[in-house]
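First comes the structure, then the notes that go with it.
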Amino acid sequence: MTVQAYVLIQTEVGTAADVATAIAQIDGVISSQNVTGPYDVIALVEGPSMDELGTFVIGQVQKSPDITRTLTCSVVNP
């Protein structure tokens, strides 16, 4: 069973569109869009387990240039 999470991303000013495009190219990212509000990009990511998903966000997503902060929100299926 796979797990999913939304990663809310804050970026350097003026870089949201570029970050969204770069994040979308990473394997494991289902979608990535730049948005308005307190966060600049929201990405839907997927992994085989919660532990591996956390490692993926730290190791792949957060290392992308121009990202200043992330907040990961796990998807809960009842």
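The values are calculated or read from the model by the stated rules, or taken from the named source; none is laboratory data. As the structure is a computational prediction, the values presented were derived from the model and not from experiment. Cβ: placed from backbone, ideal geometry, glycine included. Neighbour counts: every protein chain shown. Note: accessible area is taken over every heavy atom of the protein model, side chains too, but ligands, DNA and RNA are not part of it. Shrake-Rupley method; radii C 1.70, N 1.55, O 1.52, S 1.80 Å.
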Charge context of D18, other residues only, Cβ under 10 angstrom, K/R +1, D/E -1: -2
Where the chain is the region considered: accessible area per residue in Å², 1.4 Å probe: 63 Å²
Share of carbon and sulfur in the accessible heavy-atom surface of the chain [1.4 Å probe, %]: 52 percent
Mean ellipticity per residue at 222 nm, deg cm²/dmol - from DSSP H runs of n ≥ 4 across the chain, formula -39500 (n - 2.57): -5500 deg cm²/dmol
Restricting the chain to GluC sites (Glu not before Pro) in coil, as DSSP defines it, with at most 10 other Cβ within 10 Å: none
Cα gyration tensor category, rounded, prolate or oblate, for the stretch 2-43 with a/c compared to 1.5: oblate
